[in-house]
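Report on one structure; see the data block that follows.
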Amino acid sequence: MTQRFVLLIMAFMIVTGCAKTYDRKAEYIHEEYAPYAGEGTARICGQAYLNVDDGQQHVASGDRVLLAPVTSYTEEAFRVKVKRGRNMVPPDPTAAKFEKHTKTDDEGRFCFTGLPAGEYYVVADIALPTSTKEHRESQLAHAKAAVKADENVYVLVTR
């Protein structure tokens, strides 16, 4: 009976430990964001989709897409939230001002225009085919894109 109790406690600790919100360690550094201030002349467009269990592609449709400049602050968020799937404390409001958002069309296409030259993370929150109106299930797909002034870059955002 005691061994069973200890195992139950250990399982509870593992489950609740994984659910903890990650406390950011990286700090917002103004100088890293300065090149991304204001309007630019570049575009990042693309298509978002998931490879689902049956080997088919599930194209995003009306799903959210985030664009964020690559900095030490966003690198941590990308590594922890996007790659590992952990919850994080909300971003610094100043950093959040540099994020851009859009939605995919019915074929998973999206476009961000008027961008300053630089390197960006592109993350799509794609609803799974098993989602219902009552319960949305999703996965994050991602890509990294570098763009120069007056350049158009096309990316595939997938997982």
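The values are calculated or read from the model by the stated rules, or taken from the named source; none is laboratory data. A quick note: this is a predicted structure, and the numbers were derived from the prediction, not measured. Note that each Cβ is placed from the backbone with ideal geometry, even for glycine, and that neighbours are counted across all protein chains shown.
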**Item:** Which listed residue is within 13 Å of the chain's Cα centre (by Cα) and either among the acidic types (Asp, Glu) or at pLDDT 90 or above (or both), from Leu66, Leu115
**Value:** Leu66
**Message:** Checking the structure you have, find out if any residue of region 127-142 is β-branched (Val, Ile, Thr) and touching a residue at least 40 places away in the same chain (Cβ under 8 Å).
**Reply:** no
**Message:** I'd like to know if region 74-82 contains one or more residues that are over 23 Å from Glu27 (Cβ atoms) and surrounded by fewer than 18 Cβ atoms within 10 Å (Cβ to Cβ).
**Reply:** no
**Asked** Based on what the data block shows, is Asp53 within 17 Å of Ser138 (Cα to Cα), modelled with pLDDT of 90 or more, of a type outside the set (Lys, Arg) and out of contact with any His (no Cβ under 9 Å at 6 or more places or on another chain)?
**Response** no
**Prompt:** If Gly85 passes every condition in (1) surrounded by fewer than 14 Cβ atoms within 10 Å (Cβ to Cβ); (2) at negative phi but one, which one does it miss?
**Reply:** (2)
**Request:** Go through region 122-159 residue by residue and tally those that are modelled with pLDDT of 90 or more and either assigned to a strand (DSSP E or B) or of a type in the set (Ser, Thr, Tyr) (or both).
**Result:** 23
**Prompt:** Which of the residues belonging to region 113-146 are of a type in the set (S, T, N, Q) and under 23 Å from Arg79 (Cβ atoms)?
**Reply:** Ser138, Gln139
**Request:** Report, by residue number, each residue of region 21-49 that is within 17 Å of the chain's Cα centre (by Cα), modelled with pLDDT of 95 or more and more than 15 Å from Tyr120 (Cα to Cα).
**Result:** Gln47, Ala48, Tyr49
**Fill in**
All-but-one check, Ala149 against (1) within 20 Å of Ala77 (Cβ to Cβ); (2) aliphatic (A, V, I, L, M); (3) loosely packed, with under 14 Cβ neighbours inside 10 Å, failing number (1)
**Asked** Can you tell me which residues in region 93-119 are aliphatic (A, V, I, L, M) and either in contact (Cβ under 8 Å) with a residue 12 or more places away in the chain or part of a loop (DSSP other than H, G, I, E, B) (or both)?
**Response** Ala95, Leu115, Ala117
**Request:** Only one of these is hydrophobic (A, V, I, L, M, F, W, C), out of contact with any Phe, Trp or Tyr (no Cβ under 9 Å at 6 or more places or on another chain) and either within 20 Å of Tyr120 (Cα to Cα) or surrounded by 16 or more Cβ atoms within 10 Å (Cβ to Cβ) (or both): Ala68, Ala96. Name it.
**Result:** Ala96
